[in-house]
Amino acid sequence: MVAKNGSTGLAFAAVTTLFFAWGFITSMLDPLVASVKGIFTLSDFEAQLSAFAFFIAYGVTSLPAAALLARLSSVRTILIALAMMIAGCLTMLLAANAAIYPVVLAGLFILASGITILQVAANPLAAALGAPERSHLRLTLSQTFNSVGTFIGPIIGASLFLKDLEVKPGVEVTDAVRDAALAGIDRAYFWIAGMIAALLVFFYLSRSALNAAQPPVENAAAQPGALATLGDALSSRWAVFGSLAIFLYVGAEVSIGTQMALFLNSNAVWGQSEAAWSFPAISWLFSNDGVPGISLEEAGKFTALYWGGAMIGRAVGSALLARFDAARLLAIFTVTAALMCLYVMAVGGVSAGFVALAIGLFNSIMFPVIFTLTLERSSASQEATSGLLCTAIVGGAFIPLLAGAVSGASSYATSFIVPALCYGALTLFAVLAGRAAAQRTVAAGAGGH
């Protein structure tokens with residue numbers, strides 16, 4: 001029994017590493033968007049195609065991933081996902097060495113497709129590895145490591161992708177700087193591929209113990225197909241409404257994150273100011289390069305504070321949710337985030353940089369609360385509703401494109417009107433959810449994307 005418990009504990013640690021890995025990889029997209037803009041001389045819209053290539057995978061892969069999991073064990077599905085992620089990393093290596101932007105987009109799509117399959121399989125496996133009464137604790141712990149990954153990703157990514165790179169108008173990117181940025185992309189995804197390969201080997205060698213620890217797979221023939229599941233979800237007004245809310249939330253979150261480095265680096269915000277270093281968290285966490293103003297590399301590292309705010313806000317929000325109505329708290333958070341976006345757009349300047357970074361605090365509870373409010377009110381099955389909600393993460397593909405088009409036509413501050421409108425719509429969702437009766441009780445525990 002001790003050996004079995006020890007084996008289960010080791011397996012859970014490995015699964016938790018998966019949560020960290022996909023959070024880390026996803027948040028590295030933020031400095032990557034700024035990097036490819038300079039490397040390939042792209043417009044803001046064209047640079048945001050990187051976010052599109054990554055998040056469109058959720059729309060393409062989520063339902064097939066659920067069908068794959070229904071027919072295979074969690075471990076076999078995870079092995080397939082890890083193999084796809086390695087293929088995506090290798091494609092990124094090819095893109096960095098050949099300096100071809102469309103190949104970067106292909107690599108990001110393959111990598112994100114693997115991550116999507118991984119999320120579908122790893123969530124239930126993390127809940128199953130141990131005593132049933134502690135399943136929510138294990139899932140919450142795994143999601144915490146996911147948040148740690150999203151905090152660290154921009155710091156590592158900015159150090160590798162944005163060294164000496166600038167993309168302000170009139171600044172020319174030299175061949176040496178471009179080559180260094182491409183070499184940074186090459187190194188990052190080489191080591192990520194190695195980490196994923198090590199996890200793949202571990203899961204393959206531990207497949208028997210992992211299969212014994214998880215619940216048995218139900219009869220695949222009895223499982224509804226992807227079209228039947230989609231039809232069930234679309235039959236519920238609340239499943240559709242909640243999916244639209246997830247679409248808007250993820251789109252708003254990603255559009256802010258992927259342009260944060262470019263926004264902070266702009267001369268209208270922190271590009272020519274040292275005010276950021278007066279903020280204790282920044283001066284404690286990051287080193288000043290000694291050059292007046294905030295460089296693109298420094299701005300890319302500061303993006304970690306946006307995701308770190310979400311990590312801290314999730315802990316605070318969990319405590320608040322234990323005492324206050326979820327729909328009402330969601331309305332307060334979405335209104336606050338919308339007002340902060342409007343402040344950035346209308347006031348601008350140095351203070352707008354601090355306000356923009358702080359939006360992450362209010363993003364914190366939105367995904368899990370929207371998820372659970374929708375599951376409680378949906379007349380469709382929980383499986384069908386959950387599948388449609390996960391598919392709606394594809395909002396991270398489309399809304400950043402709109403934000404990029406606005407920033408390219410006007411300014412980075414003006415582009416905050418896009419997430420402001422998204423948060424305004426989410427406030428309407430929260431109000432209507434507060435007025436609608438729940439049809440079922442759902443335990444909190446929906447994770448982030």
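Since every read-out is calculated from the coordinates, none of them should be taken as a lab result. From a predicted model like this one, the values you see are computed outputs, not experimental measurements. For neighbour counting, all protein chains shown are included, and Cβ atoms are generated from backbone atoms with ideal geometry for every residue, glycine included.
Below is a table of values for the structure above.
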{"read-out": "Computed over the chain: relative contact order in percent, which uses C-alpha pairs under 8 Å that are six or more apart", "value": "24"}
{"read-out": "Burial ordering of L361, L230, L373, fewest other beta-carbon atoms within 10 Å first", "value": "L230, L361, L373"}
{"read-out": "Helical mean residue ellipticity (222 nm; -39500 (n - 2.57) per DSSP H run of 4+; nearest 500) of the chain", "value": "-26000 deg cm²/dmol"}
{"read-out": "Ordering of 149-157, 288-296, 265-273 by burial proxy (mean other Cβ atoms within 10 Å per residue, highest first)", "value": "149-157, 265-273, 288-296"}
{"read-out": "Segment L320-V291, extension gain: residue separation times 0.36 nm, minus the distance between their alpha carbons", "value": "6.3 nm"}
{"read-out": "Fewest-first sequence of E274, E166, E297, E253 by Cβ atoms within 10 Å of each Cβ", "value": "E274, E166, E297, E253"}
{"read-out": "Options A180, V148, A326, ranked by Cα towards positive dipole end of the chain, top entry (Cβ charges)", "value": "A326"}
{"read-out": "R71 paired with A436, simple spin-label distance in nm, labels 7 Å along Cα-to-beta-carbon", "value": "3.3"}
{"read-out": "Two-site FRET efficiency, A87 against T174, from Cβ-Cβ distance with R₀ of 30 Å, rounded to 0.05", "value": "0.40"}
{"read-out": "Label-point separation, S411 to L141 (7 Å along Cα→Cβ), nm", "value": "4.9"}
{"read-out": "Relative packing of 299-305, 342-348, which averages over residues the other C-beta atoms within 10 Å, highest first", "value": "299-305, 342-348"}
{"read-out": "Lysine pairs within the chain, Cα separation less than 21 Å, 8 or more sequence positions apart or different chains", "value": "5"}
{"read-out": "Residue exposure sequence - D232, D186 - by fewest surrounding Cβ within 10 Å", "value": "D186, D232"}
{"read-out": "Calculated FRET value between W284 and Q382, using beta carbons and R₀ = 45 Å, to 0.05", "value": "0.55"}
{"read-out": "Additional length obtainable on full extension of the chain from Y204 to L227, 0.36 nm per residue less Cα span", "value": "5.1 nm"}
{"read-out": "Relative contact order %, the stretch 223-449, counting alpha carbon pairs below 8 Å whose residues are six or more apart", "value": "37"}
